[in-house]
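Heads up, the thing below is written out as C-alpha cells.
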Amino acid sequence: MGKVIEKIKVQNWGDIELAAAGARKTAPRAVATEALVDTGAGFFYLQRSLVKELGLRPIDKVRSRTMSNRIEERRVCSPIELRLAGRTGVFQVVEIPDELPNLIGQIPLEALDLVVDLRKRRVVPNPEHPDGPLYDEF
C-alpha cells in the first residue's frame, strides 16, 4: 500500500471547553504535526512529548498489541480536537513513545467519514458524503 502521512492540527479539548465557558482567556494549546494513517490501528495515538505540550492528563490505561506481537500498556489521555482533511472531531489520545510516529487509526477515520485514497496516498472525505459525515441514526 505505501505510507500515508497526513498533516494534522490537534488542540486540547479541555482548553476549548474552558474558553467556551469564558474561563480561559488564552487560545487553546495546539500543535500542528504529521501522523501516519494506519487502518490496522484502532485509535488516535500521539507522541509523549506532544501530549505534554498540549497539557493532556492521563485518565485511563489500555492494552495494545504491537507489530512484534508484544502486549504494551499505554496511557489514555484527556480528549483532543483533531483536524484532518477538512474535518474535525474529538477523540481520546493513546500516548506512545516519541520514537514511534503519531498514528491515526480506524476509529477517527470512520468518525470523520474519511477514506484512504491509495493511488494518491492521501486521506480524503468519503466521496459518498463530500459535504461532511453522514451518521446513520437507526
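Observations on the structure shown:
- Hits in the stretch 87-100 (condition: under 17 Å from VAL123 (Cα atoms) and surrounded by 15 or more Cβ atoms within 10 Å (Cβ to Cβ)): ARG87, GLY89
- Just so you know, in the stretch 32-79 the residues that are acidic (Asp, Glu) and farther than 28 Å from ARG122 by Cα include one that is modelled with the highest pLDDT, and it is ASP60.
- Considering the conditions (1) surrounded by fewer than 19 Cβ atoms within 10 Å (Cβ to Cβ); (2) assigned to a strand (DSSP E or B); (3) modelled with pLDDT of 95 or more, LEU82 is excluded by exactly one of them, (1).
- Residue in the stretch 52-75 that is surrounded by 12 or more Cβ atoms within 10 Å (Cβ to Cβ), touching a Pro at 6+ places or on another chain (Cβ under 8 Å) and polar (S, T, N, Q) present: no
- Subset of the stretch 7-37 [surrounded by 17 or more Cβ atoms within 10 Å (Cβ to Cβ) and farther than 21 Å from LYS52 by Cα]: VAL37
The values are calculated or read from the model by the stated rules, or taken from the named source; none is laboratory data. Keep in mind it's a predicted model, so treat the numbers as computed, not measured. Counting neighbours? That spans all protein chains shown, and the Cβs are built from the backbone with ideal geometry, glycine included.
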